[in-house]
Structure formats: C-alpha cells, structure tokens
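Here is the structure we will look at, set down as structure tokens.
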Amino acid sequence: MVIPVRLDRAAAVGDETLVSEIGILRRARMELAYFSGYFRLKQRQTGGAGVILRFERVRPRRTEPFQPNRWREITPQFLDRVIRALKRWRFDLVSMDEACRRAVTLPQPNRFACVTFDGGCKDVIASAYPVLSKHGVPFTVYLPTAFPDGLGEAWWLALEDLIAQEDRISLVVDRRERRFGTGTASDKYQTYEFLSNWMRTLPPQDLTFAINDLCTRYSVDLAALSRDMAIEWEDLVKLAADPLVAIGSATVNYPVLSNLRAVDAQREIAMGKAVMQTALHREVRHFAYPIGDPNSWRREHAMMAQEAGFASAVSAVPGVVETRGYTDLHALPRVAWDGRQRSLRLMRVMLSGVMFAPVKLARGVRP
C-alpha cells in the first residue's frame, strides 16, 4: 500500500478539530496584531486602496465527518456577518469596475471591499444572492462556460464522494497502479490531499482520464455531480439582469493555464469570453485565472487576458490592491477566506494588509 505524505492541513474527524490553513502560529500572530492594535497602526502603510474578497460556495453548514473542501465554503449567516462588519469598519462596498478605477487613481477617504465568487455554483443564487441583495452589495461571479453548458467536470467533488464512500481505492498514478487505504478519517484526508494535488498538475486530457477512470471504478456519477453544482444559463441571465451583479469569465473548461501550451491557454481565455458574451448578450469585462495560485498562471497569461479585451484579471494570490496604478489590473490579488474560520477579528487583521508581503509594482510603473 502507498501511504500519502502527511501534510500540515488536517486530518481529524469533525470541523472543530481541523487545523486551519492559516496555521496555529500565524493565527497567534494575527490575534496579537488585533489585540495590540498593531494592525491599526500599520494599515495606513499596508492597506492600499482596498481588497477584493474571494469566496466560492455559500451554503448551510454540513455535518458529514469527511469534508476536505470545507475551506471553500462559508454559511449564509457568516456572509451576512461579514457584510455588516465591512460596513461597520467603513469599507466602501464596490463593484469590480469601481475597484479597477480606484486602483489607478489617488487614495479615497475610505478603503474599498469588492466581493467576488469563483466557480459559478448554484448556491451563489440560492444562498449568497439573497444576503447581498438585502444589503445592496455589488458582486462579481466568475465561472467557466463548460459548467452551465453541462460539459464541465467537477472532479474535486467526485474525488471527495468516492473517497468518502470507500475504505480502499486504487488508480494509475504516473503509469503505476497505486492503492490507498481510506478506512479512517485521517487516511481519507491524506489521500484526498495527495490525489487532488497530483491531479492539479495534469494536462486537461490526463486529468479527464484519471477522474473518469476513478468514477467508473467506484460508481460515482461525475456528470450528475457537476450538473447539480453548476448554475444554468437561464439563472445566469436572470442574475446578470441585476445591475449589482457582474458575470465574469474563468475560461471554458477551468484548466490550470500553466499546464497548457500557449496557444491552448489563449484559446481557453478568448473562447470563454466569447461564449459568455453570446449567452448573456452583454460585454464581459472581467476575468479570473482558474485556481489562481502562483503556480497556476504566468505573466504571459496576464498578457493574453489583456489582449482578449478584459479590463481586469483576478488571481488567488493574497494581497491588497494599491492606488495610483501600482497594482497590475491583470494580476489583481484577492483575499480568500478559509471557511473553517469564523473569526471576524482575524478577517479584520487580514484586510488591513499587515500580514501580506509588500506588493510588487506593475511592469512599467514608477513609484
């Protein structure tokens, strides 16, 4: 049996025993920054023009013991608390267009917060939209067009389902048959972490083969899972009709762009925009890099997004948005929130920018 390498993140039963991605030492530093008031002293230097918040799923808390994607989720109640807190902290809640404008102008009296969602899940309409609409908050939804078309593959959900139901699984990894024991919660978390990280490194055709092979072996309906998760075009059209809502593109198939040849990456970016505009009968101005971490896209992809006509492109690289054009509009950072955390204190410190590395100036910009 192959035993996956143990990782810092979590392998215990129940949400309360999961170790956050933030980490114990990092959390301690953030708590100290909050209670000492240090974040308030530094915010003028580190806070920039504002922040773009990145969420994925919004739905009621689940009770299943195995939830490897729990970090992607927040509850509607927590979203409501966040919006109320942002208003209390005197953030201006703005659209993506306004966030881009503030990124290239002089500082405003208040910092901004811009709310975004990745993935285009149905629960954005069912659970997030009622909260944001009640508060009059603009937001942007980024999604790959293959999912409302019924062709996308939510492989991460299928992987979660099959590991949850099995005590042992096997598949071909790097041309070798590998076997994983998944009888305990600890084993399940380790196996999920190992396989999901491996799958993210695969070219699209290899990823499709690997997840379909697993789903066939263990009777998981990948197509049904993907359809159940994704917003349909009819609902997207209704959502886009609200002036507070912007629909952004995240390619066609949501591939890791750095795994593609340049011509294929360019096609994914351009076609996602074209399909979205045709379906919604309106201009699509904003783009999100699939996955979005530093390993998933490169500078050449930012240039492709700009050439495709996008006004902005957001990543999942943590950081604040600077003023005066110091932040590249096609490499915008975002602040993602770990759904296993419910502390507004920690969020307040994160939004101050004090925990992030200094921003790198956009190419060609002089301080």
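The values are calculated or read from the model by the stated rules, or taken from the named source; none is laboratory data. What you see is a predicted model, and the numbers here were worked out from it, not measured in a lab. Cβ: placed from backbone, ideal geometry, glycine included. Neighbour counts: every protein chain shown.
Across the stretch 114-137, the qualifying residues are those that are touching a strand residue (DSSP E or B) at 6+ places or on another chain (Cβ under 6 Å) and in a loop (DSSP other than H, G, I, E, B), and the one among them that is surrounded by the most Cβ atoms within 10 Å (Cβ to Cβ) is GLY120. The set of residues in the stretch 205-223 being touching a residue at least 12 places away in the same chain (Cβ under 8 Å), part of a helix (DSSP H, G or I) and among the hydroxyl-bearing types (Ser, Thr, Tyr) consists of THR208 alone. What about PHE112, is it under 20 Å from MET229 (Cβ atoms) and among the aromatic types (Phe, Trp, Tyr)? Answer is no for this residue. Sub-6 Å Cβ pairs linking a first residue in the stretch 230-257 that is within 24 Å of ALA302 (Cα to Cα) and hydroxyl-bearing (Ser, Thr, Tyr) to a second residue that is modelled with pLDDT of 95 or more and in a loop (DSSP other than H, G, I, E, B), at least 6 apart or interchain, are SER249/VAL284; THR251/PRO144; THR251/PRO290; TYR254/PRO144; TYR254/PRO290, ordered by first then second residue.
Identify, from the list LEU202, LEU236, LEU151, LEU171, the residue that is assigned to a helix (DSSP H, G or I), aliphatic (A, V, I, L, M) and surrounded by 15 or more Cβ atoms within 10 Å (Cβ to Cβ). Show your work before the answer.
Working: LEU202 fails: assigned to a helix (DSSP H, G or I); LEU151 fails: assigned to a helix (DSSP H, G or I); LEU171 fails: assigned to a helix (DSSP H, G or I).
Answer to the check: LEU236.
Screening the candidates THR182, THR140 for the property of being over 19 Å from ALA250 (Cα atoms), at pLDDT 95 or above and surrounded by 20 or more Cβ atoms within 10 Å (Cβ to Cβ) yields one hit, THR182. Only one entry of ARG267, ARG324 meets the criterion of being part of a loop (DSSP other than H, G, I, E, B) and surrounded by fewer than 18 Cβ atoms within 10 Å (Cβ to Cβ), and that entry is ARG324.
Taken over the stretch 99-133, the criterion of being charged (D, E, K, R) and touching a residue at least 24 places away in the same chain (Cβ under 8 Å) is satisfied by ARG102, ARG111, ASP118, LYS122, ASP123.
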